[in-house]
Amino acid sequence: MAHRDYNSTGSVQVSVFRNRIVVRNPGTLPVELTKADLMKEHGSYPHNPYLAEVMYQMGYIEKYGTGITENIRRMQEAHLLAPEIDLSAEFVTTIWRDNDATNVATDNPNVATNDATNVATNDATNDATPKDYLSVNKRIIDRKVAKKVQERMTEKQIKECIIEACIVDHTIEELAQLLKKSVSHIRNRFITEMVADGILLRTKPEHTPGQTYMTNPKLDK
């Protein structure tokens, strides 16, 4: 409410999927902040400062500029993937739920605990950036996908692994290494078709070096 763009006729949308909750809010960050700023202590620049002050006085806001970092901290304490933020069109926040696809717990519960602890420590000492959280999420997802990789897999199984891996964006080279296939095989047999079908999205303009792919957030896995 305090940050949305009331010049937009769009509505706040909350989509609940099996493994995530996606919140879409019209508007974007104020010019004073970047996405990296959100992941550490930062100032607050609400689009609607008077509304923000009323909400603060009523107790709906505990402290200005702490919402995102508090969400990240709580997700880490629950051993879940850190929330993801997409600013490509509007302000989109993806909150991962606790299930087989996204729970950071593995067969060794200490692995998840250590990952979460390491991120929290890095945040406290090095002002962790979104890239830090992305790399931790990617390691967690890759471990889970790697356990499903077999020497012989059907096309359906490979696609399912790609969809799960691309919860966090991956290059074709990373997917090929994870699935133990050649880069050309992954590109020609899967990525091209899955992008055309809207299952995967490019994260950069087409033909950009270092292109990565992510699972379409609107895909209900």
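The values are calculated or read from the model by the stated rules, or taken from the named source; none is laboratory data. Just so it is clear, the structure is predicted and the values come from calculations on it, not from any experiment. Cβ coordinates were reconstructed from backbone atoms using ideal geometry, including for glycine residues, and neighbour counts include every protein chain displayed. Please note that ligands, DNA and RNA were not included when accessible areas were found on the heavy atoms of the full protein model with its side chains. Shrake-Rupley method; radii C 1.70, N 1.55, O 1.52, S 1.80 Å.
Brief remarks on what is shown
- Residue match in segment 182-189 (condition: open to solvent by less than 60 Å² (accessible area, probe 1.4 Å) and of a type outside the set (Ser, Thr, Tyr)): yes
Conditions tested, residue by residue: (1) part of a helix (DSSP H, G or I); (2) at pLDDT 90 or above; (3) β-branched (Val, Ile, Thr).
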{"site": "124", "(1), (2), (3)": "yes, no, no"}
{"site": "152", "(1), (2), (3)": "no, no, no"}
{"site": "159", "(1), (2), (3)": "yes, yes, no"}
{"site": "164", "(1), (2), (3)": "yes, no, no"}
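- Residues that are more than 20 Å from residue 6 (Cα to Cα), open to solvent by 40 Å² or more (accessible area, probe 1.4 Å) and either modelled with pLDDT of 70 or more or of a type in the set (A, V, I, L, M) (or both) within segment 42-76 comprise 57, 58, 59, 67, 70, 71, 73, 74, listed in sequence order.
- The residues of segment 144-175 that are open to solvent by less than 80 Å² (accessible area, probe 1.4 Å), farther than 20 Å from residue 211 by Cβ and of a type outside the set (A, V, I, L, M, F, W, C), listed by number, are 144, 154, 157.
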